[in-house]
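One structure is given here, and the rest of the page talks about it.
Any read-out appearing in this document is the output of simple, stated calculations on the displayed coordinates, not a laboratory observation. Quick caveat: nothing in here was measured; it's all calculated off a predicted structure. Cβ sites come from the backbone with ideal geometry, for glycine too, and all protein chains shown count toward neighbours.
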Amino acid sequence: MRDMMVLIEPLIPGLRRYARSLLRDADAADDLVQDCLERVVGRWHQRRTDGNARSWVYTILHNLAINRIRQQTRRGQHLPMDNAPEPALAEQPTQESQLHSRDITAAVDRLPDDHRAVLLLISVEELSYAEAARVLDVPVGTVMSRLSRARERLRRDMTDSPQVSHLRRVK
């Protein structure tokens, strides 16, 4: 045990410098050196007696640093709760918007074919009234009338039926 302390103790300042240069964070570097020293003490019996203890300890530190960097990359940056911006703490749920989209699609599907065609050409494909009239081979006034009726029916269908009617309450 005494020979281990004699060999390892002078290496600690260099280990700290190397860890800080790898991690660029003094606190994380100190934690890394601590982990390295724990591993060195726990595995002292596994080192080669004919090898260089200094290179063995630096190899352990380097491998721990690489593992920690990879882990941090996978997990993302650590932010203290007090300083974190709100978008970093929560994500907007997507379930409700998907349910709403499904309701809109179902309401569009319930429209008569001629109203659905006008609505899709004008609203989704962004054709002008004149272009939609040419595509459907109807007068522009008919396109405007069908579009108005289609929008009104969609509005009525979406407000009459609750948008989350297919959800169950769980107690």
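Relative to the longest principal axis of the Cα atoms of the chain, the long axis of helix 53-75 makes an angle of roughly 10 degrees. Relative to the longest principal axis of the Cα atoms of the chain, helix 26-42 runs at roughly 50 degrees.
What trypsin sites (Lys or Arg not before Pro) does segment 1-31 have in DSSP loop regions with at most 16 other beta carbons within 10 Å? Could you put the intermediate results ahead of the total?
Details: sites: ARG2, ARG16, ARG17, ARG20, ARG24; in loops: ARG24.
Passing both the DSSP loop test and the Cβ count: ARG24.
Take the chain, mark every one of the GluC sites (Glu not before Pro) that falls in a DSSP loop and has at most 13 other Cβ within 10 Å, then report the longest stretch left between them, sites excluded. Longest stretch, sites excluded: 1-90.
Quick check on packing: order 134-144, 39-49 by the mean number of other C-beta atoms within 10 Å, highest mean leading. If you can, show how the numbers build up before the last one.
Numbers: 134-144: 14.2, 39-49: 11.8.
Highest-to-lowest ranking by the protection proxy: 134-144, 39-49.
Helices in the chain, meaning DSSP H runs of at least 4 residues, each add -39500 (n - 2.57). Divided by all residues, the mean residue ellipticity at 222 nm is -21000 deg cm²/dmol. With θ taken as phi - 60° and the Karplus curve 6.51 cos²θ - 1.76 cosθ + 1.60 applied, the whole-hertz 3J(HN,Hα) list for segment 133-147 is 4, 5, 4, 8, 6, 9, x, 4, x, 5, 4, 5, 5, 5, 5 Hz, x standing for glycine and proline.
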